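**Q** Questions regarding the structure given below will be posed in turn.
Every number here is computed from the coordinates shown, using simple stated rules; none is lab data. Predicted, not measured: the structure shown is a model, and the values here were computed from it. All Cβ positions, glycine included, derive from the backbone under ideal geometry; neighbour counts span all protein chains shown.
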Amino acid sequence: MSRLDSMMRRLAAQRDGIEWGLARIGGIDGDILDMGLGNGRTYDHLREHAGGRRIRVIDRVLQCHPSCVPPQEDFLEGEADAMLDRLAAEGARIALVHYDLGFGVKDRDVAEAARLSPRIARIMMPGGILVSGQPLEGFDPLPGPDTVAPDRYCFYRHAG
């Protein structure tokens, strides 16, 4: 598969996965957490489809498109460990997580996702949904949307 085809497949999986996750949190109070702002595409999509829910964002640095800059109070800039701890200390309750952090090195990305999983679990609402580009640990796996290949994205529910 060409890199272009792979990127298109990843972006479609993100879109379909986010919309799938949003459809499953209707009865769950809580905010949305976008882990990995990047250039802001998924954050922008969440803003358009989240039905007014607060969207918190974590990334190491703010470098997104100017039209996708989150409000200052919703952007947590720094390492994910510290930002997740900060959210927990604030009593944040998250209904949906979109996890898209990474260094671009598969083994390192998988290890970081596993390491961050307990911190993510601390802020999740019972029944909350996780849509992730990396495997997470300690959550109940779910079959995702039919449009997303099983090896492309991971889908979970937090038993709580």
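**Q** Would you mind checking which residues have amide H under 5 Å from Gly127's amide H? H placed 1.01 Å from N; only 5 or more apart, or other chain.
**A** Counting only residues 5 or more places away or on other chains, the set is His158, Ala159, Gly160.
**Q** Looking at the square roots a ≥ b ≥ c of the eigenvalues of the Cα gyration tensor of the range 113-160, which shape do they give, rounded for a/c under 1.5, prolate if a/b is larger than b/c, or oblate? Write out the running numbers ahead of the final one.
**A** Numbers: a/c = 2.78, a/b = 1.53, b/c = 1.82.
Cα axes put the range 113-160 in the oblate bin.
**Q** Could you tell me the ratio Rg/Rh of the range 69-160? Both radii from Cα atoms, Rh via Kirkwood.
**A** Ratio of gyration radius to Kirkwood radius: 0.96.
**Q** Compute the Rg/Rh shape ratio of the range 3-157: radius of gyration over Kirkwood radius, all on alpha-carbon atoms.
**A** Working: Rg = 14.2 Å, Rh = 15.4 Å.
A ratio of 0.92.
**Q** Charges on Cβ only, +1 for Lys and Arg, -1 for Asp and Glu, centred on the Cα centroid of the chain; of His65, Met83, Leu4, which one is farthest towards the dipole's positive end?
**A** The residue sitting most towards the positive pole is Leu4.
**Q** While we're here: Please arrange Phe75, Phe139, Phe103 by counting, for each residue, the other beta carbons lying within 10 Å of its beta carbon, fewest first.
**A** The most exposed by this proxy come first: Phe103, Phe75, Phe139.
**Q** Can you tell me, using C-alpha contacts under 8 Å and at least 6 residues apart, the relative contact order of the chain as a whole percent?
**A** 25 percent
**Q** In which sequence would Cys68, Cys154 go, from the one with the fewest C-beta neighbours within 10 Å to the one with the most?
**A** The most exposed by this proxy come first: Cys68, Cys154.
**Q** Would you compute, from DSSP H runs of 4+ residues alone, the mean residue ellipticity of the chain at 222 nm, taking -39500 (n - 2.57) per run and dividing by the full residue count, rounded to the nearest 500?
**A** -12000 deg cm²/dmol
**Q** Charges at C-beta only: +1 for Lys and Arg, -1 for Asp and Glu. How large is the resulting dipole of the chain about its Cα centre, in Debye rounded to 20?
**A** Computed about the Cα centre, the dipole is about 160 debye.
**Q** Give the share of C-alpha pairs in each 10 angstrom bin for the range 81-122, from 0 to the last occupied bin, in whole percents, shortest bins first.
**A** Using 10 Å bins, I get a P(r) of 26, 53, 19, 1 for the range 81-122.
**Q** Hey, another quick one. If you rank Leu87, Leu4, Leu62 by fewest surrounding Cβ atoms within 10 Å, what's the result?
**A** Ranked by crowding around the Cβ, least crowded first: Leu4, Leu62, Leu87.
**Q** Using the Cα centre of the range 3-157 as origin and beta-carbon charges of +1 (Lys, Arg) and -1 (Asp, Glu), tell me which of Gly36, Gly133, Ala111 is placed farthest towards the positive end of the dipole.
**A** Towards the positive end, the residue furthest out is Gly133.
**Q** If you take every DSSP beta bridge fully contained in the range 3-157, what fraction is antiparallel? Give it as a percent rounded to 5.
**A** That works out to approximately 25 percent antiparallel.
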